[in-house]
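Undergrad: Handing you this structure, nothing more for now.
The values are calculated or read from the model by the stated rules, or taken from the named source; none is laboratory data. Quantities reported herein were computed from a predicted structural model and do not represent experimental measurements. Here the Cβ positions follow ideal geometry from the backbone for every residue, glycine too, while neighbour counts run over all protein chains shown.
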Amino acid sequence: MPTSVLLTPTAQRQIDALRKPDRASYDQFLSELRSQGCKALKYRLAGPVVEHLCVKHLRGLLRVVVGFTAKDKAVVLLVGPHKDDDPNIDVYAGLYRLAGLEAPPKENRSKPPCCGEETSLPPIDQDLVEDLVTRSLCLAKSGHRRARRR
């Protein structure tokens, strides 16, 4: 089933900054997401709020975080490296900040498949994804205002 894909302003900025090999990896993923939907993603995150979001490992440390508002509508929320030692650039730390969470969940992280095992559907949470998109827009606007003041 074809899937339409939207990007948050933050994800668009992150994608625009990718170097050529990383961009090629992202572009390949985007093609797979559009044609395969949730099957293009590796796993679902664990823990409150983020349990409705899926991740794909791209090239090296590069990750992409995606949410679904419908079975055929995906939103790329963030694209970046997974670097536990640098919370300023770590994609997961950025996700928790975006979601208004102070820290990752303490529980064991399971990595269930993005698509439901019985339904083959993605974890749809329209309200959550729309909230994260709104937060991303607010962050982009505040960052733009700060940049103009300099």
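Undergrad: Among the residues of segment 93-109, what is the count of those that are without any contact (Cβ under 8 Å) to a residue 12 or more places away in the chain, hydrophobic (A, V, I, L, M, F, W, C) and assigned to a loop (DSSP other than H, G, I, E, B)?
TA: Residues that pass the stated criteria total 1.
Undergrad: Still on this model: Tell me, please, whether a residue that is over 22 Å from Glu130 (Cα atoms) and not polar (S, T, N, Q) can be found in segment 46-54.
TA: Taking every residue of segment 46-54 in turn, none turns out to be over 22 Å from Glu130 (Cα atoms) and not polar (S, T, N, Q).
Undergrad: Is segment 13-33 home to any residue that is touching a residue at least 12 places away in the same chain (Cβ under 8 Å), outside any helix (DSSP H, G or I) and at negative phi?
TA: yes
Undergrad: On to the next question. Could you run through segment 1-12 and say how many residues are surrounded by 17 or more Cβ atoms within 10 Å (Cβ to Cβ) and in a loop (DSSP other than H, G, I, E, B)?
TA: Going through segment 1-12 one residue at a time, the tally reaches 2.
Undergrad: For segment 19-38, what are the residues that are touching a Leu at 6+ places or on another chain (Cβ under 8 Å) and either over 26 Å from Pro123 (Cα atoms) or of a type outside the set (Gly, Ala, Ser) (or both)?
TA: Step one: filter segment 19-38 for residues touching a Leu at 6+ places or on another chain (Cβ under 8 Å), giving 22, 25-26, 29, 33, 38.
Once the filter is applied, which keeps residues that are touching a Leu at 6+ places or on another chain (Cβ under 8 Å) and either over 26 Å from Pro123 (Cα atoms) or of a type outside the set (Gly, Ala, Ser) (or both), segment 19-38 yields Asp22, Tyr26, Phe29, Leu33, Cys38.
Undergrad: Out of segment 69-92, which residues are assigned to a helix (DSSP H, G or I) and modelled with pLDDT under 90?
TA: Residues satisfying the conditions do not exist here.
Undergrad: Keeping to segment 40-68, report how many residues are in a helix (DSSP H, G or I) and in contact with a Pro (Cβ under 9 Å, 6 or more places away or on another chain). If you could, list the steps in order and put the result at the bottom.
TA: From segment 40-68, those in a helix (DSSP H, G or I) are 40, 50-52; that's our starting set.
So of that shortlist, the ones also in contact with a Pro (Cβ under 9 Å, 6 or more places away or on another chain) come out as 50-52.
Qualifying residue count, segment 40-68: 3.
Undergrad: What residue, of Leu95, Leu139, is modelled with pLDDT under 90 and buried (at least 16 other Cβ atoms within 10 Å of the Cβ)?
TA: When all the criteria are applied, what remains is Leu139.
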